[in-house]
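What follows is a set of notes on a single structure, which appears directly below.
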Amino acid sequence: MGDVKLLGLWYSPFVHRVEWALKIKGVEYEFIEENLQNKSPLLLESNPIHKKIPVFFHNGKPICESMVIVEYIDEAFEGPSILPKDPYDRAIARFWAKFLDDKLQAIGKTFFFKGEEQEKAKGEAYETLKVLDNEVKDKKFFVADKFGFADIAANFVGLWLGVFEEATGIVLVTREKFPNFCAWRDEYINCTQNKEYLPPRDELLAHFQARFQAAAAASK
Amino acid sequence: MANDEVILLDFWPSMFGMRLRIALAEKEVKYESKEEDLRNKSPLLLQMNPVHKKIPVLIHNGKPICESIIAVEYIDEVWKDKAPLLPTDPYERAQARFWADYIDKKFFDSGRKIWTTKGEEQEAAKKDFIECLKVLEGALGEKPFFGGDNLGFVDVALIGFYSWFFAYETYGNFSTEAECPKFVTWAKRCMQRDSVAKSLPDQHKVLEFVQTLRKKYGIE
């Protein structure tokens, strides 16, 4: 297995994706907690381009970008496959993982920004949710009826989005607007398969409630 | 593979379309190219890429693959007996994917801002652009190609932008050769390959195209 380390923070959806992949493969790893207010030399050296977490280390060599790391873990370690075998299915899995990853920023801005930028982000978020609502209709998993790559990338919209909504009172998702997405999300959070891999929702909520409250207090 | 039907929905100045042209040429895959009018998108494009409605789209035996980097990976996996683009080592593959992601996230935007902005914003864009080139030069190191001795995944992802350099330099009033000679040496080396030379449009035509876009957006 070699020496495996993960630099990150427990509440980050990006870091969580990597942990999910490692757990699927049964890989033991050392978790190193980062301080984003005072970035460590390790982070700055191993991810000089983006200076972001997660950074994954295998035998001392760093890999950055959560879905790049997940793909690496799938290729480097034995165990259940995360990406499908068929090239076309793989392309579909990568497509949805990219979609979920790219659109995350706009959704995030809805909660972290104010004014015009927030309104613009809300619009983009609704567009994203419309697409997802259409895609997950009558589907539990994104590709070929099997849990995998895109479903891991979906952790943000599956769990974190709802937490952000509750922590801020800003609601994007309603059952009227996005019935299929809600059905998919309910299953995603509660199914036995995922439950053991997702962080405890109440802990995530407590963390982000405190964060949003602090941000609100600071901006007064 | 003899009875494969391969169609590429493309737009001649697109550096993303160029990636697929090069990959298909490297693999010696016969395909039909359909030029899209982006002001009047074809029913086929809207059907094959309903989520983004963008080119390029690769259609293989009737099934669409969207997003250029994903399509290049698909091409590499399906036509795996010729001209491998991704390396075999998982760590090297992760690095290649990281750089493709960097090109899409950072490089494209900085280049675009050079011809779409003026004054201080443009100066900042130029700085960013040159900074990106220097980072990419660092990643290339002493190798002839990002892929090593042969054209690889990152080379294919990046070289199309070179056809836009003349336009960037004209509007940004700078010389890439003066700022990053190593980068230009690499680009010229790529251009010596048939697959690249035949896939990139004439840089003067690209400049004319950018001129019409600037008029259309009222940037003059």
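The values are calculated or read from the model by the stated rules, or taken from the named source; none is laboratory data. Predicted model, so just to flag it, every value in this text is computed and none were measured. As a convention, Cβ positions derive from the backbone with ideal geometry for all residues, glycine included, and neighbour counts pool all protein chains shown.
Say whether the condition of being among the basic types (Lys, Arg), in the same structural domain as B:Tyr171 (by the TED database) and assigned to a loop (DSSP other than H, G, I, E, B) is met by at least one residue in region B:92-101.
no
Since B:Glu73 meets every condition but one in (1) facing another protein chain (nearest Cβ under 10 Å); (2) farther than 16 Å from B:Ile22 by Cα; (3) not in a loop (DSSP other than H, G, I, E, B), which condition does it not meet?
It fails just one condition, (2).
Among what's in region A:14-70 and is among the basic types (Lys, Arg) and within 30 Å of A:Lys195 (Cβ to Cβ), pick the residue that is surrounded by the most Cβ atoms within 10 Å (Cβ to Cβ).
This residue is A:Arg17.
Given the condition closer than 20 Å to B:Ile22 by Cβ and within 15 Å of the chain's Cα centre (by Cα), answer yes or no: does some residue in region B:138-145 qualify?
No - not one qualifying residue is present in region B:138-145.
If you take the residues of region B:161-218 that are surrounded by 14 or more Cβ atoms within 10 Å (Cβ to Cβ), hydrophobic (A, V, I, L, M, F, W, C) and more than 20 Å from B:Met18 (Cα to Cα), which of them is farthest from the chain's Cα centre (by Cα)?
Across region B:161-218, the extreme among qualifying residues is B:Phe174.
Search region A:193-220 for residues that are surrounded by 11 or more Cβ atoms within 10 Å (Cβ to Cβ) and pair each with any residue that is among the polar types (S, T, N, Q) when their beta-carbon atoms are under 7 Å apart and the residues are at least 6 apart or on different chains.
Qualifying pairs under 7 Å: A:Phe212/A:Thr168.
I'm checking my understanding of the structure. Among residues of region A:92-117 that are surrounded by fewer than 22 Cβ atoms within 10 Å (Cβ to Cβ) and either among the polar types (S, T, N, Q) or on the phi > 0 side of the Ramachandran plot (or both), which one is modelled with the lowest pLDDT?
A:Gln105
Check region A:93-111 and report whether any residue there is within 10 Å of chain B (Cβ to nearest Cβ) and in contact with a Gly (Cβ under 8 Å, 6 or more places away or on another chain).
yes
May I ask you to list the residues in region B:76-94 that are within 9 Å of chain A (Cβ to nearest Cβ) and either in contact with a helix residue (DSSP H, G or I) (Cβ under 6 Å, 6 or more places away or on another chain) or among the aromatic types (Phe, Trp, Tyr) (or both)?
B:Glu77, B:Val78, B:Pro90, B:Tyr91, B:Ala94
Looking at (1) more than 9 Å from every other protein chain (Cβ to nearest Cβ); (2) among the aliphatic types (A, V, I, L, M); (3) crowded, with 22+ Cβ neighbours inside 10 Å; (4) not in a loop (DSSP other than H, G, I, E, B), which is the only condition B:Ile65 fails?
In the conditions (1) more than 9 Å from every other protein chain (Cβ to nearest Cβ); (2) among the aliphatic types (A, V, I, L, M); (3) crowded, with 22+ Cβ neighbours inside 10 Å; (4) not in a loop (DSSP other than H, G, I, E, B), B:Ile65 misses (1) alone.
Name the single residue, out of those in region B:14-28 being in a loop (DSSP other than H, G, I, E, B) and buried (at least 19 other Cβ atoms within 10 Å of the Cβ), that is nearest to the other protein chains (Cβ to nearest Cβ).
Top of the filtered list is B:Lys27.
B:Ala71 - would you say it is in contact (Cβ under 8 Å) with a residue 24 or more places away in the chain and in contact with an Asp or Glu (Cβ under 8 Å, 6 or more places away or on another chain)?
no
In region B:154-174, how many residues are without any contact (Cβ under 8 Å) to a residue 60 or more places away in the chain and β-branched (Val, Ile, Thr)?
Within region B:154-174, residues that are without any contact (Cβ under 8 Å) to a residue 60 or more places away in the chain and β-branched (Val, Ile, Thr) number 2.
Scan the helices (runs of 4 or more DSSP H) fully inside region A:166-220 and keep the ones with 3 or more residues being closer than 20 Å to A:Thr110 by Cβ.
A:179-190, A:201-218
Are any of the residues in region B:32-50 within 12 Å of chain A (Cβ to nearest Cβ) and either farther than 23 Å from A:Ala93 by Cβ or small (Gly, Ala, Ser) (or both)?
Within region B:32-50 (the criterion being within 12 Å of chain A (Cβ to nearest Cβ) and either farther than 23 Å from A:Ala93 by Cβ or small (Gly, Ala, Ser) (or both)), the answer is no, since none of the residues qualifies.
Please give the number of the condition B:Arg97 fails out of (1) within 14 Å of chain A (Cβ to nearest Cβ); (2) surrounded by 22 or more Cβ atoms within 10 Å (Cβ to Cβ); (3) closer than 20 Å to B:Pro201 by Cβ; (4) not small (Gly, Ala, Ser).
Among (1) within 14 Å of chain A (Cβ to nearest Cβ); (2) surrounded by 22 or more Cβ atoms within 10 Å (Cβ to Cβ); (3) closer than 20 Å to B:Pro201 by Cβ; (4) not small (Gly, Ala, Ser), B:Arg97 violates only (3).
Would you confirm whether any residue within region A:59-79 is closer than 30 Å to A:Lys177 by Cβ, small (Gly, Ala, Ser) and touching a residue at least 24 places away in the same chain (Cβ under 8 Å)?
Looking for residues that are closer than 30 Å to A:Lys177 by Cβ, small (Gly, Ala, Ser) and touching a residue at least 24 places away in the same chain (Cβ under 8 Å), one finds at least one in region A:59-79, hence yes.
Considering region A:89-143 alone, what residues qualify as being among the aliphatic types (A, V, I, L, M) and within 21 Å of A:Arg211 (Cα to Cα)?
Within region A:89-143, A:Leu104, A:Ala106, A:Ile107, A:Ala121 qualify.
Looking only at residues that are β-branched (Val, Ile, Thr) and closer than 18 Å to B:Leu158 by Cα in region B:102-118, which one is surrounded by the fewest Cβ atoms within 10 Å (Cβ to Cβ)?
B:Ile103
Could we say that B:Phe146 is within 14 Å of chain A (Cβ to nearest Cβ), closer than 30 Å to A:Gly2 by Cβ and modelled with pLDDT of 95 or more here?
Against the criterion (within 14 Å of chain A (Cβ to nearest Cβ), closer than 30 Å to A:Gly2 by Cβ and modelled with pLDDT of 95 or more), B:Phe146 does not qualify.
Of everything in region A:80-89 that's within 11 Å of chain B (Cβ to nearest Cβ) and in contact (Cβ under 8 Å) with a residue 40 or more places away in the chain, which residue is nearest to A:Tyr11 (Cα to Cα)?
Residue satisfying both the conditions and the ranking: A:Leu83.
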